[in-house]
């Protein structure tokens, strides 16, 4: 059933699973992503619908001329966009809260207090204190590179730091705060009293760091972090090797929850001098045969390497729907299908998940490189013209080449081949994922719940006593 | 957690959907794809064809708006003057009616890159409410012209209230992604209506100032004031013309105020004033001596700047 390569990969993966399922951080991350999912599904759906159907230059807005027969379209789009701002674009803060909460539980701390203090710390770190608190616009600092869940690493980092700081302070405090001698002395107030010292320390440290960040002039902690890893402008030369390396670097950042330099929604790749020179020549001569720049970020990465968002996520979603045997994965796949067709990959990042998930990190990095190679070869040899005309940034990725060349069939064929190549990269990993799931069910692989119980004395989310058919979730 | 899976459980869990289901799913997916691909392809064809026409059209018309109570024929003598040394600039006149319909006289000859176009209004009455309506009618006329002649940049000249219509149009209607205004000249335009005291800002002036940030940043702008005596051109106080600086200065690339005195500097004569004709030729026209028939029959006209005082 499995090829030798798949067998080797499966063995490695199952080993990794047995190790990481015992790690507190990994357990807390999986729970965080799980609890984040409803907000991400709702927010991502709203984003995809509003940007493609109700906003100018959206795919459906344009092709069905929606603005002409639905004058209220843009107002509807703005309302939906605002709603998506407070769901999905809030995930940095939500991530800090949930991660600290689950981590606190594994350390047997008060999860409510720790979660909330982590969220406050994350908010303080995003605020420019020097500009005056009245000028705070938390929303604007969250939409770096398309917002969404793409900067959740920052939230997780703050959550981790806040939890550990809280834990340390609580330990110090326990030496001079007298724990109640008997249970009769303990009231609901006791734990609140004990939390005053650690909470104030965490908040004070956050305010101090935030002041230092304000001095740098960057857009909060997230802005500073992104600034410090940003590549210099000269690095973006339009040579195929550079394109591959920068795409790889970008996707490495993605899988740990940071936004890299590239995104289907950034204009960086579209607005290059090379692109505009290509466009001028194409408009003048009316043909795509003698364009000055065949290989650019736009003609290779945008068109063949980012179908469904970074990492060829559309290929993953289709592959999951076709091949995955896990009901949860398939359901997430169906939810993710429409947003991914419109190039929003947030549901896939959080739902399968791709973030911090060793099984999908490898193909996420590999698939765009393979697809870009498939797209680059005919471009290089001149069999297929490069994309020159402006297209929609929402809309199915495999149509971009066809539309951007004004209907070149060879370009359509190439992008279908590139898509299939991406799909093939994902297939073996989905089969291994199926195997791991089956082994967990049969008990060959320890379940995460067992490990949680060993760590904290209880399962974070209690398992059902019996395979229940219908029972309300207590969480 | 179920620990011991029976072989039946295993096969049930690993069961794939039936073949018919899978084939049906793929078919439905392909049909949906075709349904969205065809209009997308259609739309893109249209966009590219349009982009080609616009890119390859070098037309930049000069578009005139007359003042209140004047018709589309207001600029006839000015245009006769401008065309006196050449026959090159074609002359098109539009009237926008109160029901948004448009009638035209004259036309643009093929290959003319700098035609003169006058946009007049059936309702050409004075007053802020009417000027607002006229700005909207002007935007309709511009859409009509753009659709017919496919230009993406133009030069504007407004006489009297025509300058106010231009300002309102630029602030509220112009889509800067679509159309660029290179230069604008307003002649005797009362930015503060008939108010002499600059401290008393009329409603229209304060509205224009409120929206000034939406003016295109790249305009070169000339505002010409006529002065018969020391205070006005017979109708418009010079302070009212000067009030234009509160709208345009530091908003657009260049704002120049020019004072014209001497003969023909009465408000209604301004469009025929030789000074002003000279300024239009010098500043506004790319090819003042354009001659469709070939050969240059006239000499370049230099404006006589004897009796004018200009400040920048």
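For the reader, a short list of remarks on this structure follows.
- Residue in the range A:162-182 that is at pLDDT 75 or above and part of a loop (DSSP other than H, G, I, E, B) present: no
- Residues of the range A:423-449 satisfying the condition of being at the interface with another protein chain (Cβ under 8 Å from one of its Cβ atoms), assigned to a helix (DSSP H, G or I) and more than 23 Å from the chain's Cα centre (by Cα): A:438, A:441, A:442, A:449
- When the range A:388-414 is filtered for residues that are part of a helix (DSSP H, G or I) and either more than 13 Å from chain B (Cβ to nearest Cβ) or more than 24 Å from the chain's Cα centre (by Cα) (or both), the ones remaining, listed by number, are A:401, A:402, A:403, A:404, A:409, A:410, A:411, A:412, A:413, A:414.
- Verdict on residue B:126 being closer than 30 Å to residue B:261 by Cα and surrounded by fewer than 22 Cβ atoms within 10 Å (Cβ to Cβ): yes
- Some residue of the range B:2-9 being part of a helix (DSSP H, G or I), modelled with pLDDT under 85 and more than 10 Å from chain A (Cβ to nearest Cβ): yes
- Of the helices (runs of 4 or more DSSP H) contained entirely in the range B:160-275, those carrying at least 3 residues that are closer than 30 Å to residue B:149 by Cβ fall at B:161-172.
Residue-by-condition table, conditions (1) more than 26 Å from residue B:60 (Cα to Cα); (2) out of contact with any helix residue (DSSP H, G or I) (no Cβ under 8 Å at 6 or more places or on another chain); (3) at pLDDT below 80:
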site: B:252; (1), (2), (3): no, yes, no
site: B:257; (1), (2), (3): no, no, no
site: B:288; (1), (2), (3): no, no, yes
site: B:305; (1), (2), (3): yes, no, yes
site: B:310; (1), (2), (3): yes, yes, yes
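- Where residue B:147 falls short, out of the listed (1) at pLDDT below 90; (2) under 25 Å from residue B:288 (Cα atoms); (3) out of contact with any helix residue (DSSP H, G or I) (no Cβ under 7 Å at 6 or more places or on another chain): (2)
- Every condition in (1) at pLDDT 85 or above; (2) within 14 Å of chain A (Cβ to nearest Cβ) is met by residue B:68 except one, and the failing one is (2).
- Test result for residue B:20, touching a residue at least 60 places away in the same chain (Cβ under 8 Å), away from chain A (no Cβ under 12 Å) and either more than 24 Å from residue B:102 (Cβ to Cβ) or crowded, with 16+ Cβ neighbours inside 10 Å (or both): no
- Test: residue in the range B:26-33 that is within 9 Å of chain A (Cβ to nearest Cβ), surrounded by 14 or more Cβ atoms within 10 Å (Cβ to Cβ) and at pLDDT 80 or above: yes
- Elements of type helices (runs of 4 or more DSSP H) in the range A:10-105, at least 2 residues being within 14 Å of chain B (Cβ to nearest Cβ) and in contact (Cβ under 8 Å) with a residue 40 or more places away in the chain: A:59-63
- Some residue of the range A:338-348 being within 11 Å of chain B (Cβ to nearest Cβ) and surrounded by 19 or more Cβ atoms within 10 Å (Cβ to Cβ): yes
- Considering only residues in the range A:220-278 that are modelled with pLDDT of 90 or more and within 21 Å of residue A:394 (Cα to Cα), the one that is surrounded by the most Cβ atoms within 10 Å (Cβ to Cβ) turns out to be A:254.
- Lone qualifier among B:73, B:50, B:83, B:56 - being under 25 Å from residue B:148 (Cα atoms) and at the interface with chain A (Cβ under 10 Å from one of its Cβ atoms): B:56
- Matching option when the condition is surrounded by 20 or more Cβ atoms within 10 Å (Cβ to Cβ) and within 14 Å of chain B (Cβ to nearest Cβ), among A:283, A:288: A:288
- When each of A:147, A:155, A:139, A:159 is tested for being touching a helix residue (DSSP H, G or I) at 6+ places or on another chain (Cβ under 7 Å), modelled with pLDDT under 70 and buried (at least 24 other Cβ atoms within 10 Å of the Cβ), the lone residue that passes is A:147.
- Some residue of the range A:374-383 being modelled with pLDDT of 90 or more and within 14 Å of another protein chain (Cβ to nearest Cβ): no
- Single condition residue B:36 does not satisfy, out of (1) modelled with pLDDT of 85 or more; (2) within 12 Å of chain A (Cβ to nearest Cβ); (3) outside any helix (DSSP H, G or I): (3)
- Being at pLDDT 90 or above and either more than 30 Å from residue A:282 (Cα to Cα) or crowded, with 20+ Cβ neighbours inside 10 Å (or both) holds for only one residue in A:368, A:327, and it is A:368.
- Flag for residue B:89 being more than 14 Å from chain A (Cβ to nearest Cβ), in contact (Cβ under 8 Å) with a residue 12 or more places away in the chain and surrounded by fewer than 14 Cβ atoms within 10 Å (Cβ to Cβ): no
The values are calculated or read from the model by the stated rules, or taken from the named source; none is laboratory data. On a predicted model such as this, the values are computed, not experimentally measured, just so you know. Cβ sites come from the backbone with ideal geometry, for glycine too, and all protein chains shown count toward neighbours.
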